[in-house]
Each structure stands twice: as structure tokens, then as C-alpha cells.
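Have a look at the structure below, then the notes.
The values are calculated or read from the model by the stated rules, or taken from the named source; none is laboratory data. Just so you know, these numbers come straight off a predicted model, no measurement behind them. Neighbour counts are summed over all protein chains in view; Cβ atoms, including those assigned to glycine, are modelled from backbone coordinates with ideal geometry. Only protein heavy atoms, including side chains, enter the accessible area calculation; ligands, DNA and RNA are left aside. Shrake-Rupley method; radii C 1.70, N 1.55, O 1.52, S 1.80 Å.
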Amino acid sequence: MHFEDDVSAGLKFLVADDHHLVREGLKLALKQLQGPVEVFEADTLGRAIEVYQANSDFDLVLLDLTMPGNTGLTVLDGFEQACPDARVVVISASYDLQTVQAAVRRGVLGFIPKLSGKESLLSALRFILAGGIYVPPEAMMTLPQEQFGISPPEARRNTAASPTAKGPTPQDAGLTARQIEVLRELLDGKSNKQICRDMNLAMGTVKGHVAAILDALDVSTRTEAISVAVKRGWPALLADGEASTSR
């Protein structure tokens, strides 16, 4: 099978929730996103990890914070420790501000209350798939987005308080030219599948580059890597092409 055929297969989601009716409702909603949609299910944290590791080219993982034997942020911590390159969106009945903020700091790409209507859910997911990070409006009004250590792709690309990186450059951190190109894609909010398509690389190769970037920056999630890169002023360097020197 040609690589191009693999990356054009549409969107792929993992829905992890212990309630069958919730999973069915999310599946029906996801099917209304544009293009082919494939949905996998899991009803426990262990099963979610197992399914992800067997099919790790998911565009998003929709993860409930209440699972049999686990609850709250321990569910998120357990999943992200086992699947550090996952793009996680929390779907939860409980969304107090402290939990929302803690989850975003751990690297989730969104926190969507289960009370959200279908259109609100789909709008949030489209925003996330386009590179944004979604939190309930109440959290955004209470805490400035900058305090989450994140920003939208447009802000990341335009972050240039100084044209000079604040600290070590990507090369100083040990990133190769190809890994720097992948980092540029991460800063634009691209999923592994999108990076595969844009750079004409196999999924395993992209995952290896992402893992190397996380290791070089001493972080465990993609969002943490973006936060570190922004704080070091790398978006300006990458936008100017100053960090693309071959190694």
C-alpha cells in the first residue's frame, strides 16, 4: 500500500468512557465531522491504553476522567504516561476550574464538559483539529490563556518578543534538521497524520521524531514541548528559517 493512501484515510478517534450510552452518543456526533471518521472504543483505562498502543495513529483521544478503579487526574496521568504522544481531549461531567487548569497544564488539547450540546462539542473538536486548545468559556474568563503556558497556532507563529531565542537554540538542544522541521509542524498544531502528509514521512518515522523532541526538551507531552519552545523564542527562529541548518 502506498503511504499516501494511508494518510488520506480520514479522521481516527479513540473514545474512552465507561458508559456505553456516552460512547454511542460521542460516536454519532463524531460521524458528523467532515470526511470519513473511524471511531475506536474503550471502557477502562487499561483498555484505552491497549487500544491506543495497538493503533497509535489516532487524531484525537476523547478521555473521560472517571473510569473503573480510577478517577480524576489519575486517569489522565496514567494514560499519558503510557501513551506520551497521544493528542488527548478530556470529556468530563465535572469541570471545576482547578481540574480544567491542571489538565491543560498536563498537556491536553481540550476539556469539553459532557453537558455541552452536540454543536458545541463539534465546534470544540473542529477548533482542536485546526490546532487550537479548547477549554470551557468559564475557565478562559477566569484565567488568562498565557497562564496555561499555551497559545493558539497563530500566536505561536507570531511570538517574537525578541528575534533571538531565549536560551539554547533547537540545534543546541540536540535536534536534527528533520526534527526541527517536525517541531515547526507541532507549533502549527499538526497531528502526526498531518505531519506524515505534509512531510511525506511514514507514521513510525514521525513518531520517532516527536519522541526525540520530547526527550530533548525533557517533557512528556506535545503541548509541554510547544510551551518550552515558545518560552525559548523558537517560533521566531523557525519562522525566519534560522534554525533549519543541517546537522
(request) Select from region 19-38 the residues that are surrounded by 17 or more Cβ atoms within 10 Å (Cβ to Cβ) and either polar (S, T, N, Q) or without any contact (Cβ under 8 Å) to a residue 60 or more places away in the chain (or both) and list them in ascending order. (result) R23
(request) Considering only region 110-120, state which residues are open to solvent by 20 Å² or more (accessible area, probe 1.4 Å), within 16 Å of D17 (Cα to Cα) and either assigned to a helix (DSSP H, G or I) or aliphatic (A, V, I, L, M) (or both). (result) L115
(message) Restricting to region 224-242, give me the number of residues that are surrounded by 18 or more Cβ atoms within 10 Å (Cβ to Cβ) and within 21 Å of A130 (Cβ to Cβ).
(response) 8
(message) Looking at T205, T221 in this structure, which one is open to solvent by 40 Å² or more (accessible area, probe 1.4 Å) and of a type in the set (S, T, Y)?
(response) T205
(request) Give the residues of region 12-23 that are closer than 16 Å to A93 by Cα, out of contact with any Lys or Arg (no Cβ under 6 Å at 6 or more places or on another chain) and among the charged types (D, E, K, R), sorted by residue number. (result) D18, R23
(request) Among the candidates V182, V230, V206, single out the residue that is under 26 Å from L125 (Cα atoms), at pLDDT below 80 and over 13 Å from the mean Cα position of the chain (by Cα). (result) V230
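Tell me which helices (runs of 4 or more DSSP H) are completely within region 1-103 and hold 1 or more residues being small (G, A, S) and at pLDDT 90 or above, or say none if there are none.
On the way: elements: 3-7, 20-30, 45-54, 73-82.
Answer list for region 1-103: 20-30, 45-54, 73-82.
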(message) at pLDDT below 85 and buried (at least 16 other Cβ atoms within 10 Å of the Cβ): which single residue out of T245, T142, T159 fits that description?
(response) T159
